[in-house]
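The values are calculated or read from the model by the stated rules, or taken from the named source; none is laboratory data. Note that this is a predicted model, so its numbers are computed, not measured. All Cβ positions, even for glycine, are placed from backbone atoms using ideal geometry, and neighbour counts span all protein chains on display. Side chains included, ligands, DNA and RNA excluded: accessible areas come from the protein's heavy atoms. Shrake-Rupley method; radii C 1.70, N 1.55, O 1.52, S 1.80 Å.
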Amino acid sequence: MKAITSEKKIFVTPNIQDDEEAIALKMKQIHPKLLGLFCPVKYELIAKEKVQLPYEFLVFHYKLVRSTKKQDLNKQGIFDREGDVAVVFDMNEVHAFHFDLFDDLNLQAKDVSALQGRIIKANCSEKEVLEQSIECIKWQYLRKVFHAIPQLTLIQRKRFYREAWRLELMCRGKQYEKFAYRDRFGAENEHISGLRVRLTT
């Protein structure tokens, strides 16, 4: 079923792992060993499905004016700051995470007919993506860096898809869903806690 999008071509991230590697890595990630010796929780893989998951890449220009004196609009005060910041938004799980603009998504245009797996429908609207991305950037990232809230202007936005295996897992009588991605972005790319947010200035 690939009728979720009416586009003939879409952008995708390049795959670097084969199917077996992607699934094996995900199963290893969800089975951390206690004290490096054994895993106290065991997940059983009961079903799997190849899917294409929707994401958006958004780049914003930020501007923080701290100068109190009137000055030439073309001149920047010594305490003023401006630059660009980006997020990638997971439209399936509905959350944003910081994207380092010194990195590159390496998005590739691909015919929809050539894709493998079912295209998953987004669980949020484009408006919700924009609103949540702005709130995330303001309060989780820029406020921590500048201790203030800069003005934000959207300058780039692009929808893309990540190929993954949707894994149905069973553990202690409960069923769970996880995704084993085939591109190079792992869980460490999706959480900013403890990391420095790199901004262009």
For segment 137-187, the per residue accessible area (1.4 Å probe, Å²) is 57
Any chance you could look up the accessible area of GLU49 with a 1.4 Å probe, heavy atoms only, rounded to 10 Å²?
-> 50
Amide H proximity to GLU82 below 5 Å, modelled H, separation 5+ or other chain, gives LEU64
If MET91, MET27, MET170 are ordered by their accessible area, calculated over protein heavy atoms with a 1.4 Å probe, which sequence runs from highest to lowest?
-> MET170, MET27, MET91
Stokes-Einstein D for segment 78-135 at 20 °C, 1.002 mPa s, Kirkwood Rh over Cα pairs, in µm²/s?
-> 151
Here, LEU45 and MET27, labelled 7 Å along Cα→Cβ, have an inter-label distance in nm of 0.4
Enter the mean projected area of the convex hull around the alpha-carbon atoms of segment 77-182, in nm², rounded to one decimal.
-> 9.7
What accessible surface, in Å², does a 1.4 Å probe find on ARG81, ignoring ligands, DNA and RNA and rounding to the nearest 10?
-> 100
Could you pull out the chymotrypsin sites (Phe, Trp or Tyr not before Pro) across segment 83-167 that fall in loop regions by DSSP (anything but H, G, I, E, B) with no more than 13 other Cβ atoms inside 10 Å?
-> PHE102
Whole-Hz Karplus ³J(HN,Hα) for segment 20-31, in order, using 6.51 cos²θ - 1.76 cosθ + 1.60 and θ = phi - 60°, x for Gly and Pro?
-> 5, 5, 4, 5, 4, 5, 5, 5, 5, 5, 8, 10
Pop a pseudo-label 7 angstrom from the Cα along the beta-carbon direction at both GLU93 and LYS174 and give the gap in nm to one decimal.
-> 1.6
